Each structure stands twice: as C-alpha cells, then as structure tokens.
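The next block holds one structure in the form of structure tokens; read it before the comments.
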Amino acid sequence: MSESRDPAGDSTTTNNMGEVREAEHQGAAVKAALGANIGVAIAKLLAAFFTGSSAMLSESVHSIADCSNEIVLMVGGRFSKRKTDGDHPFGLYRAKYLASFVATLLFFVGGFFSTSEAVKKLVAISADPALRDVNRMELLVAFIVVVISACLEGFGLHQSIKEANERMERTNTPRMGVFHFWRHTKSAELASVIMEDTLALIGLAFAGLGIGLAILLDDEIFDALGGLMVGLVLIVGSLFLAFKSGSLLIGEAVDSDTRGKIVEAGSTAPGVERLLNMQTVHMSEDDILLCVKVQTSKLDRDYDVETVDKIEKAVRTALPWYNFEIYVEPDIYSAKHVHA
C-alpha cells in the first residue's frame, strides 16, 4: 500500500490553498453567534430578574446554554489545530466533533433546568390561584426583550445560512435547503450554530406567545406554560444535536457528490484499469482519509508507484478545497472486491 501527502510538486500548494481557505472560514459563525448571544443572555437575565417571568427565565437559560456551547466549540476548534503526536497519527481534527458532542450535554442540562423551573411554577399556581395575577407592565418589558432577542437571533441565523451558502459555493456543492445542508454537512461548528439559532427562534416564539397570552388574558399560567415549552424545545434540540455530532464523532464518509468526483478522478488517472474498492472518512470538515484499491494496467512495481502518484495528484486536483490523507493499494480484481 502506498501513501503520500505530497505526491507531486503542486500537491503541497493545493493543500496549503485548502488550509488557507479553511482558516478564513473557521469558526466565523460560532464567533458571530457567541457575540450576539452574550448580549441577548444579559438582557434576558435582567428581564427575568425584574419581571419574574418563567418564560423569560427559561429563555435566559437557553441563551446561557448557547454561549456555553459556542465557547466549548471554539476550544475544540483550537485544540484540533494542535500538532499531532504518536498516539494520534491522523491528527487531532476530531476534537471538534468531541467538543460538539459535549456541547449537546450542556444544551440538555439547560433544557432540564428550564423545564423543572416551569413545572415548579405551574405547581405553585395550581396550589395558590392568587399567583395567577399578572403585572402587565413587567411582562410587557419581558415581551419587548423577546422581540429584540428574536431580531438578534434572526440575524445570527442569517449569518449561519450565509456561511453555509459560502461553504457550498467554495466546494462546488449543489445548492440545497438549510435542513438538507444541516443533515449532510461535516462541520460540527456550523451544524451546531444553525441548530442553536433555529431553536432559539422557536423558543422565543413560545416565550412570546406565553407572555403575550398572560398579558391579554391576565393569567400567569400562560407565562409558565411558555417557559415549559422553551425547556422542552431545548431538550428535543439537544437530542437532535447529539445524533448529529455523535455520527460525526464515530466517522462519516464523504457525501455522494464528493465520492463521485473522487471515483471519476481515480478511475480516469493514467495507468488505472479498474477501481476495485474505496473507503473514505471525514477527519474534519476539510480533512479526508481516503483508502483505495485499484487494478493497474501493468503489474510492474515501478509502474504501480507511478500510477499511484498519478491517482493522488488527480484526486487532489479534482477537489482542491479538501486536504487528503491518501492510501492506494494496487491489486487484482476478485469476487471479494466491492466495486466502487
């Protein structure tokens, strides 16, 4: 089996171009979301403290969980850039995926706390109907904070979608919807931020609805129900994020479009008679481990080495936005091979 990080003179340049592009885009959405969420969390905490709104308390916890998640993602991103050691021969890239998975636990804890606080308030209201009385002025302040927060979260989601579109353009990926992109992206940071911003808007909608109904109907129970719904949104969102980040941490193959480009580049390289088998795994969003079995035109060792170099160069040229760790093994076709 042959492996090379720089099989041809221009491969290093190609990989460096990919690293520069990755550095330019790395964590932009996370930083933007963190900056917005810090301000939103402070505003919500103050509103929750002065108004006693259950929905606003849940939203405060939601924003604190968002901030914590983004800090964990940034730490994971920095750690993944460290130089590898003998214990991690393929690099520390997947520290990002581990950080994303840890962040989902914070999300779940925030949702559990919000839900429990809302349930306590509902139980208290049921025991003492006098607690249903509403201070409309205080809740009006909370409602205004919800509206302002929704504008900021909407801007954050817009920035995340913008980065997703830039990512698709940068990698020549066919345009797709946000949900489809979220399902298939290999960027743990971008997937987390898109989900967080989406859940934030859904949570704010429930909080605003609860506070609004409490003001209109003069009944505090609607505010408590709004807080309960925000907590449940957090819990459900944490399960979705856990599934996504867990799948990335275990190891996902490249998408079908990227796989097709690799197959085309490898099978059409000079000297390749047949592509026998291929396995891929994303080590990070832009770093791919590629293992290929090929049947060459001649079973001559020197010729095989030359063909392997051509395969590696063809793959890197076809997908210059990725950094590849490539292993190629010349072989002869047999029934046990799964044709790529």
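The values are calculated or read from the model by the stated rules, or taken from the named source; none is laboratory data. Predicted, not measured: the structure shown is a model, and the values here were computed from it. Virtual Cβ from ideal backbone geometry, glycine too; neighbours counted across all protein chains shown. These area figures cover heavy atoms from the full protein model, side chains too; ligands, DNA and RNA do not enter into them. Shrake-Rupley method; radii C 1.70, N 1.55, O 1.52, S 1.80 Å.
In this structure, SER116 qualifies as open to solvent by less than 70 Å² (accessible area, probe 1.4 Å), part of a helix (DSSP H, G or I) and polar (S, T, N, Q).
Sort out which residues of the stretch 257-273 are within 17 Å of GLU285 (Cβ to Cβ) and either among the polar types (S, T, N, Q) or touching a Phe, Trp or Tyr at 6+ places or on another chain (Cβ under 8 Å) (or both), and write them in order of number.
Within the stretch 257-273, THR258 is the sole residue that qualifies.
Yes or no: the stretch 3-25 includes at least one residue that is at pLDDT 65 or above, surrounded by 14 or more Cβ atoms within 10 Å (Cβ to Cβ) and hydroxyl-bearing (Ser, Thr, Tyr). No, the conditions are met nowhere in the stretch 3-25. Residues that are free of Cβ contacts under 8 Å to residues at least 60 places away in the same chain, assigned to a loop (DSSP other than H, G, I, E, B) and surrounded by fewer than 17 Cβ atoms within 10 Å (Cβ to Cβ) within the stretch 252-290 comprise ALA253, THR268, PRO270, listed in sequence order.
The residue that is modelled with the lowest pLDDT, counting only those in the stretch 279-336 that are more than 38 Å from the chain's Cα centre (by Cα) and among the hydrophobic types (A, V, I, L, M, F, W, C), is LEU299. In the stretch 172-189, the count of residues that are more than 18 Å from the chain's Cα centre (by Cα) and surrounded by fewer than 19 Cβ atoms within 10 Å (Cβ to Cβ) is one or more.
Mind counting the residues in the stretch 64-114 that are of a type in the set (Ser, Thr, Tyr) and touching a Gly at 6+ places or on another chain (Cβ under 6 Å)?
Our first condition is that a residue be of a type in the set (Ser, Thr, Tyr); within the stretch 64-114, this holds for 68, 80, 84, 93, 97, 100, 104, 114.
Restricting the remaining residues to those that are touching a Gly at 6+ places or on another chain (Cβ under 6 Å) gives 84, 114.
Number of matching residues: 2.
What residue, of MET229, MET195, is open to solvent by 10 Å² or more (accessible area, probe 1.4 Å) and within 20 Å of SER126 (Cα to Cα)? Step by step, each of MET229, MET195 is checked, and only MET229 is open to solvent by 10 Å² or more (accessible area, probe 1.4 Å) and within 20 Å of SER126 (Cα to Cα).
Identify, please: which residue in the stretch 308-327 is aliphatic (A, V, I, L, M) and open to solvent by 10 Å² or more (accessible area, probe 1.4 Å) and is, among those, farthest from VAL292 (Cα to Cα)? Explain how you work it out, then say what you get.
Let us first name the residues in the stretch 308-327 that are aliphatic (A, V, I, L, M), namely 308, 311, 314-315, 318-319, 326.
From what is left, the residues that are open to solvent by 10 Å² or more (accessible area, probe 1.4 Å) are 314, 318.
Working: ALA314: 13, ALA318: 16 Å.
Only one residue tops the list, namely ALA318.
Flag: ILE64 matches the condition of being under 26 Å from the mean Cα position of the chain (by Cα) and at pLDDT 85 or above. Please verify whether ASP219 is among the acidic types (Asp, Glu), farther than 30 Å from THR173 by Cβ and either part of a helix (DSSP H, G or I) or open to solvent by 30 Å² or more (accessible area, probe 1.4 Å) (or both), treating the condition exactly as stated. No; evaluated as a whole, the condition is false for this residue.
Any idea which of LYS162, LYS121 is open to solvent by less than 60 Å² (accessible area, probe 1.4 Å), in a helix (DSSP H, G or I) and among the basic types (Lys, Arg)? Before the answer, list the steps.
Numbers: LYS162 fails: open to solvent by less than 60 Å² (accessible area, probe 1.4 Å).
Result: LYS121 is the single residue among LYS162, LYS121 that is open to solvent by less than 60 Å² (accessible area, probe 1.4 Å), in a helix (DSSP H, G or I) and among the basic types (Lys, Arg).
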